[in-house]
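Here's the structure, in structure tokens; my notes come after.
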Amino acid sequence: MTKFHRIVRIDHTPDNLFELVSDIKRYPEFIRWIQQMDVQELSGSENTISRIGTAKVGFRGFSETMATKVDANTQARTIRVSLVKGPLKKLDNAWTFREAPTGTDVDFSVDFEFRNFLLRTLAAANFELA
């Protein structure tokens, strides 16, 4: 199991950063191991947008498909990601974007575990790259 939590200050507005992270259709443009992303819009409310993102992921000769549910709350500027299916046994990912005096404090946490030992080892060896 891999757990990671970090808060960083970034010199952009909370709304811009929230829009970037919540726009999962664009992930293949800037996350190099995502080769393809298909997005299914789910029902949402006035403040929450829910989607299922199915990504084809490739890294060092491995290729997998995984699907996640992404709930983005536009009012609170929070994003929660949970596993639908794929090579993971567990996934819990959260983002919060808070206005700060010189930009935005981005609070990021992820807790995940691969089912396959080889993928788990590969991910651990390349975690900082990700």
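None of the figures in this text is laboratory data; all of them are computed from the coordinates on show. All of these numbers come straight from a predicted model, not from anything done at the bench. Positions of Cβ are backbone-derived with ideal geometry, glycine not excepted, and every protein chain shown enters the neighbour counts.
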Under the helix-only model (-39500 (n - 2.57) for each DSSP H run of 4 or more, divided by the residues of the chain), the mean residue ellipticity at 222 nm, to 500 deg cm²/dmol, is -4500 deg cm²/dmol
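Near Thr13, within a Cβ-to-Cβ distance under 13 Å, what is the net charge of the other residues, with Lys and Arg +1 and Asp and Glu -1?
Values: positive: Arg9, Arg77, Arg98; negative: Asp11, Asp15, Glu19, Glu99, Asp105.
It works out to a net charge of -2.
Between rounded, prolate and oblate, where does the range 27-89 land on the alpha carbon gyration tensor, with a ≥ b ≥ c its root eigenvalues, rounded for a/c under 1.5, else prolate if a/b exceeds b/c?
Details: a/c = 2.49, a/b = 2.02, b/c = 1.23.
Verdict is prolate for the range 27-89.
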Cα extents of the chain per principal axis, largest first, Å, are 43, 32, 25
The simple spin-label model distance between Val8 and Glu99, using points 7 Å out along Cα→Cβ, in nm, is 2.3 nm
